[in-house]
Amino acid sequence: MRFFEKYIPGDRRINPALLWDYDTERIDPLQCKRLIATRVIQLGKLEDFYAAFDTFGGIEEFALIAKNEVTGLDAKDLNFICYAFDLKKEETQCYKRAQSRKRLLNS
């Protein structure tokens, strides 16, 4: 976890600005974890990552969400999560889905 050495678990909340199009008072973070993780990866600052870690149970749990549930990231964001969480892009759902889409479009 290259960027997150200074993370100390706390009681941070997800920045409502990342979820501008949702009622943040009524949203269930566990039901919307893919949406929240995607927004944090795409638009978040370091504090937003820390809040996501607090919400989802730590760095490792957030990394699993990023690996197994997040789709639709651009190459820059995919490379970032792979580097930051020491993941292989071929193992991420985002990469697998993009490759599947390419095969479908080329057939």
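Every number here is computed from the coordinates shown, using simple stated rules; none is lab data. Just so it is clear, the structure is predicted and the values come from calculations on it, not from any experiment. Cβ placement follows ideal geometry from the backbone for every residue including glycine, while neighbour counts extend to all protein chains displayed.
In the chain, the calculated helix contribution to ellipticity at 222 nm averages -16000 deg cm²/dmol per residue, counting -39,500 (n - 2.57) for every DSSP H run with n ≥ 4.
Using the Karplus relation 6.51 cos²θ - 1.76 cosθ + 1.60 with θ = phi - 60°, the per-residue 3J(HN,Hα) values for region 47-56 come to 4, 5, 5, 4, 5, 5, 4, 5, 5, 9 Hz, with x marking Gly and Pro. Note on region 1-67 and region 82-97: Cα centroid distance 18 Å, given to the nearest whole angstrom. Modelled label positions at R26 and K6, each set 7 Å beyond Cα in the direction of Cβ, lie 3.8 nm from each other. Only Cα sites of the chain enter the Debye sum here, all with the same form factor; the resulting log10 I(q)/I(0) across q = 0.25 1/Å is -1.46, listed in q order. Taking GluC sites (Glu not before Pro) in DSSP loop conformation with at most 10 other Cβ atoms inside 10 Å as exposed sites, the chain has its longest uninterrupted site-free stretch at 26-107. Rounded to two decimals, the Cα-based Rg/Rh of region 10-72, with Kirkwood Rh, is 0.91.
Against the main long axis of the alpha-carbon atoms of the chain, helix 93-106 sits at an angle near 30°. Among A51, A17, A63, which one moves the most in a GNM of the chain with springs linking Cα atoms closer than 10 Å? Ranking A51, A17, A63 by mean-square fluctuation puts A17 first. Taking every alpha-carbon pair under 8 Å whose residues sit at least 6 apart, the chain reaches a relative contact order of 28 percent.
When the trypsin sites (Lys or Arg not before Pro) in region 26-64 are filtered for DSSP coil states and for at most 11 other beta-carbon atoms within 10 Å of their beta-carbon, the remaining sites are R26, K45. How far is helix 75-84 tilted, in degrees, relative to the longest principal axis of the Cα atoms in the chain, given as a value from 0 to 90 rounded to the nearest 10? Orientation of helix 75-84: about 60 degrees from the principal axis. Relative to the longest principal axis of the Cα atoms of the chain, the long axis of helix 59-68 lies at roughly 30 degrees.
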